[in-house]
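Data first, discussion second: the structure below is written as structure tokens.
All of the numbers you see were taken from the coordinates with simple rules; none came from a lab. Values in this document were obtained by computation on a predicted structure and should not be read as measured data. Glycine gets a Cβ as well: all are built from the backbone with ideal geometry, and neighbour counts include every protein chain shown.
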Amino acid sequence: MIIALAEPHDVDKLLAFREEAAAWLRALGSDQWSRPYPADRLLATIEAGVVFMLRDGRTTAGTITLTPDAEQGLWTEDELAEPSMFVNKLTVGRAYAGQDLGGRLLDWAGDRAHRAGAHWLRLDAWTTNAGLQRYYRAHGFAHIRTVFEGAAVNGGPRVSGWLGQRDARPAHHGFVDRTPEPGRLPFAV
């Protein structure tokens, strides 16, 4: 399998991936990703070069967003002063479920973060999705805290405030990496 940067033409595939994941989560009783994601915001992240596609031949098996930018209001100033990269929108196609591609994508992200000079690979997870939180713990993420305050889109409580982190470290993820070498983070040593 090959990991590469997403391209603008991938927007429809990524939106379909999110809808597929939302339907699967709904069947499990979760409201995670129940609101449609704006295509223009997704395109902006693709154009920023932070969205990556895992391809199995001509089929997209998964996707991950890896950025040096934290979501506003989640991490403290002291935490933000530490070199870190942040995982978002990790999704694996249902046809590829059960193969630990998500875990391998997290390993790839940790390896990439390490090469950028990050000390931490961080993420926020859906606050009410205990299964997802267990998944991240099983993949080496320590729970830092859960943030409930801070309005979500259209008001209401924050829905994705379970914060986890693990060391950014070299890893053997097994993918053919066709991504450009990451730039060094501003606080990297």
P(r) weight above 16 Å for the range 65-116, C-alpha pairs, percent: 49 percent
Can you list the HN-Hα couplings for the range 109-124, worked out from phi with the Karplus curve (6.51, -1.76, 1.60; θ = phi - 60°), rounded to whole Hz and with x for Gly and Pro? 5, x, 5, 5, 4, 4, 5, 7, x, 6, 8, 10, 10, 10, 7, 10
Calculate one ³J(HN,Hα) per residue across the range 53-58 by plugging θ = phi - 60° into the Karplus curve 6.51 cos²θ - 1.76 cosθ + 1.60, and present them in order as whole Hz with x for glycine and proline. 10, 9, 10, 10, x, 8
Using only the Cα atoms, work out Rg/Rh for the chain, with Rh taken as the Kirkwood radius, to two decimals. 0.93
Hand me the trypsin sites (Lys or Arg not before Pro) from the range 1-106 located in a DSSP loop with no more than 12 other Cβ atoms within 10 Å, in residue order please. 58
What 222 nm value per residue comes from the helices of the chain, counting each DSSP H run with n ≥ 4 as -39,500 (n - 2.57) and dividing by all residues, nearest 500 deg cm²/dmol? -8500 deg cm²/dmol
Per-residue Cβ neighbour rank within 10 angstrom, fewest leading, 144, 46: 144, 46
